[in-house]
1. Within the range B:42-55, is there a residue that is within 14 Å of chain A (Cβ to nearest Cβ), part of a helix (DSSP H, G or I) and farther than 30 Å from residue B:208 by Cβ?
2. Residue under question is residue B:111, and the condition is that it be assigned to a helix (DSSP H, G or I) and within 28 Å of residue B:86 (Cβ to Cβ); does it hold?
3. Could we say that residue B:80 is surrounded by 11 or more Cβ atoms within 10 Å (Cβ to Cβ), modelled with pLDDT of 95 or more, in a helix (DSSP H, G or I) and outside the structural domain of residue B:273 (by TED's automatic domain parsing) here?
4. For residue B:294, indicate whether it is assigned to a helix (DSSP H, G or I) and loosely packed, with under 11 Cβ neighbours inside 10 Å.
5. Restricting to the range B:230-241, name every residue that is under 14 Å from the mean Cα position of the chain (by Cα) and either in the same structural domain as residue B:98 (by TED's automatic domain parsing) or outside any helix (DSSP H, G or I) (or both).
6. Given the conditions (1) assigned by TED's automatic domain parsing to the domain that holds residue B:152; (2) modelled with pLDDT under 95; (3) more than 19 Å from residue B:144 (Cα to Cα), which single one is not true for residue B:47?
7. Looking for whichever is surrounded by fewer than 10 Cβ atoms within 10 Å (Cβ to Cβ) and either closer than 30 Å to residue B:265 by Cα or more than 21 Å from the chain's Cα centre (by Cα) (or both) here; the options are B:85, B:52, B:13, B:63. Which one fits?
């Protein structure tokens, strides 16, 4: 009982241990989780290209 | 002479504008950001928590599949028994790239005799009921073709029995095979077989090759993998169990398995390995490949990154 309570307190707020969701498109089959990660990577790349460089002190 | 002239014509690097850049500051910020992200995401999502699949869980969940597989191990007709190198010397087995037999060239490095290693030795090592001792003696005394006839007949009978249930098999000449496989099933369900296949005479047992091969010869493991989208024809290499993101960077490696000629080739693993080796080499050599090395100049992404500098040049 005490062990169960300890486990529930340690459980992650978002539980992803459920059957995965997949997108099928012709021969392509990809999980929604992978799509989200790929989307985030593209977003970080675009931000890295487009965001201006921080203006540090002593910059010419 | 002309080389010297060209060198002299190169602009002086000191003539270009410069900007201050603190490498240590960037490293520290990146380290702290990644550490915070890792700890935060781990606390929020935790990690995949699948129960391990063992011979015990398999034999308890689908005993009929376990028995059918044990018969093929005993008769030498399982996938492992006919795999060829590195496990055994099956004639004609092993993947090739053109005329080059890679598996055969590497040789038999992990010898596996499925009948002896997966069935007979574990039965001998466990405390044997009298009928199992008699069955082992009968099996050992029989010539190879008789052993083959027994396992073949019992495999066929299991295939015809309702649900492959050994208890519903039609009577026939199966020799000691039903007794041996029935006892092996009992050992597996008790968890003893997992330990016996792991034991290699070392203090720490970390080599799961034999239990994994046995598991892989049945249909249970493959069914579990397929249900989690981990099979080769499901882009499984880049997937993870549950709703977790997997190895998205392996998309190209697993892509080849989805298309012809690879998806129908017996040599798919060897061919795709070779193809990816060639592509990886090409990637490393991008700066030396005419045309490909000019892509950054054509796409002009660098002008976007250094737009302030180029705006100032107008």
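The values are calculated or read from the model by the stated rules, or taken from the named source; none is laboratory data. Everything numeric in this text was worked out from a predicted model, so none of it was measured. When we count neighbours, we look across all protein chains shown, and the Cβ atoms used for this are built from the backbone with ideal geometry, even at glycine.
1. yes
2. Details: assigned to a helix (DSSP H, G or I): no; within 28 Å of residue B:86 (Cβ to Cβ): yes.
No.
3. Considered against the rule, which asks whether it is surrounded by 11 or more Cβ atoms within 10 Å (Cβ to Cβ), modelled with pLDDT of 95 or more, in a helix (DSSP H, G or I) and outside the structural domain of residue B:273 (by TED's automatic domain parsing), residue B:80 comes out as no.
4. yes
5. B:230, B:231, B:235, B:239, B:240
6. Going through the list (1) assigned by TED's automatic domain parsing to the domain that holds residue B:152; (2) modelled with pLDDT under 95; (3) more than 19 Å from residue B:144 (Cα to Cα), residue B:47 breaks only (1).
7. B:13
Rundown of residues vs (1) modelled with pLDDT of 95 or more; (2) within 14 Å of another protein chain (Cβ to nearest Cβ); (3) within 30 Å of residue B:145 (Cα to Cα); (4) surrounded by fewer than 16 Cβ atoms within 10 Å (Cβ to Cβ), yes/no style:
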| residue | (1), (2), (3), (4) |
| --- | --- |
| B:189 | yes, no, no, no |
| B:218 | yes, no, yes, no |
| B:233 | no, yes, no, yes |
| B:252 | yes, yes, no, yes |
